[in-house]
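The values are calculated or read from the model by the stated rules, or taken from the named source; none is laboratory data. On a predicted model such as this, the values are computed, not experimentally measured, just so you know. Ideal geometry is used to build each Cβ from the backbone, glycine not excepted, and the neighbour counts take in all protein chains shown. Only protein heavy atoms, including side chains, enter the accessible area calculation; ligands, DNA and RNA are left aside. Shrake-Rupley method; radii C 1.70, N 1.55, O 1.52, S 1.80 Å.
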Amino acid sequence: MQWTPYLCPQAEAAMEQCASVEREVDKVLQKFLAYGQHCEQSLEELLHHVGQLRAELASAATLSLVMSQCCQKIKDTVQKLASDHKDIHSSVSRVGKAIDRNFDSEICGVVSDAVWDSREKQQQILQMAIVEHLYQQGMLSVAEELCQESTLNVDLDFKQPFLELNRILEALHEQDLGPALEWAISHRQRLLELNSSLEFKLHRLHFIRLLAGGPEKQLEALSYARHFQPFARLHQREIQVMMGSLVYLRLGLEKSPYCHLLDSSHWAEICETFTRDACSLLGLSVESPLSVSFASGCVALPVLMNIKAVIEQRQCTGVWSHKDELPIEIELGMKCWYHSVFACPILRQQTSDSNPPIKLICGHVISRDALNKLINGGKLKCPYCPMEQNPADGKRIIF
């Protein structure tokens, strides 16, 4: 099951840095391979030369001349191999320089260990994120191997949705609509509640496949059209187009005004639609938490590193506790907007479970900490309007 994660420009830059290092590593591996082949060839030539030397010694009158030539041959070969080996050292050193040039060694120091309850907890969270990413990408065997080697216990209930979605997506990639249609029909009511058009698109694609079969499939296509009846109100125009295409079936749809129906992009579209709607129905994210975290980290990391440097320079490390907060607001883009947040207009802080937003009688919203600080003599005066009220009348709200 291949879900292509969205990569922000910063993430793409990070991937390019990784590719730069990988290219240097490939160069080293190629040189090692060439060096090994050269060594093997040189040794074979020496063995062949020694064999010739043995024959010459049996009949040669000048033994010293033959031995001198042999020693010179061995010496030249050894010097050539040593010179080639030095070139490999140079290539290996370039790999280290590429790593230093493309990656900052102080990245791990941006967030302190206090963020995690323990190192074991940190490792477990990371392993779980990797396993979920592997399941989501359809790399089931790799995920199972990681679970075994890390002794990570993953419940079958956790794996089952990924296994089912992977099975259906693999069938769609093979242009087999059966499993997807069966799944959509069994979840019809819940899909309708999500205003999903998945089932209609699957029936439409099956109808188009029948049209592609030519005049021989015309009766079967007409018979299958009855599946469009429940969708006639919402998809009337699309159904009319498909019915109109039947007129050109004998002449060939490829050269008709309906040739767009045969576009292969419909298969990629149905895979995306199924992934999105199925994930929404099953409570799964379309992108794995690991890929989202990676993309977000690529955006936030440079900013956090600059902030950390400023904090250390000004010796005010207590400003950022690292726990459940960031020192500044970092814009990650619309792709990373998953839920609403509220920042108190009085304290300029983002609300949390321990400091939730409170709605006053007058309708204005502030944080609980701000409310407590504004209480004077058991009364609260709204900072935005002159209404006085009882602090206990404030209601917690959830966005």
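Inter-label distance, LYS73 to VAL241: 7.8 nm, where each label sits 7 Å from its Cα along the C-beta direction. Comparing PHE228, PHE274, PHE342 in a Gaussian network model of the chain (Cα springs below 10 Å), the most mobile by mean-square fluctuation is PHE342.
A Förster radius of 30 Å, combined with the Cβ-Cβ distance separating VAL310 from LEU126, puts the computed FRET efficiency at roughly 0.60. The calculated FRET efficiency for ARG348 paired with GLU216, based on their beta-carbon distance and R0 = 56 Å, is about 0.20. Overall, the accessible surface of the chain at a probe of 1.4 angstrom is composed of carbon and sulfur to the extent of 54 percent. Once the 1.4 Å probe is applied to the protein heavy atoms, the chain comes out at 65 Å² accessible per residue.
Distance distribution P(r), the chain, all Cα-Cα pairs, bin width 10 angstrom from 0: 4, 13, 15, 17, 16, 13, 10, 6, 3, 2, 1, 0, 0 percent. Computed packing ranks the peptides 45-55, 17-27, 288-298 as 288-298, 17-27, 45-55, most packed first, by mean other Cβ atoms within 10 Å. Principal-axis analysis of the Cα atoms of the chain puts helix 289-314 at an angle of about 90° to the longest axis. Normalising by residue count, the stretch 343-396 has a Cα convex hull of 67 Å³ per residue.
Look at the alpha carbon pairs under 8 Å that are at least 6 residues apart: their mean separation over the length of the chain gives a relative contact order of 16 percent.
Could you calculate the contour length gain from CYS39 to GLU145, that is, 0.36 nm times the residue separation minus the distance between their Cα atoms, to one decimal place in nm?
Contour length minus Cα-Cα distance gives 34.4 nm.
The lysine pair count for the stretch 248-399, using Cα distances under 28 Å and pairs eight or more places apart or on different chains, is 14. For CYS18 and ALA82, FRET efficiency with R0 = 51 Å and r from the beta-carbon atoms, rounded to 0.05? Result of the calculation: an efficiency of 0.95. Between helix 198-212 and the chain there is an angle of about 60 degrees, using the helix long axis and the longest principal axis of the Cα atoms. Net charge in the neighbourhood of HIS49 (other residues with Cβ under 12 Å of its Cβ; Lys, Arg +1, Asp, Glu -1) is -2.
Taking a straight line from the alpha carbon of LYS31, these lysines sit under 25 Å away, with near neighbours fewer than eight places off in the same chain left out: LYS73, LYS75, LYS80, LYS86, LYS97. For the stretch 80-101 and the stretch 189-232, what is the separation of their Cα centres, given in Å? So the two Cα centres are separated by 62 Å. A simple rule links phi to the HN-Hα coupling: the Karplus curve 6.51 cos²θ - 1.76 cosθ + 1.60 with θ = phi - 60°, which for the stretch 18-31 gives 4, 5, 4, 5, 4, 5, 5, 5, 4, 4, 5, 4, 5, 5 Hz, with x for Gly and Pro.
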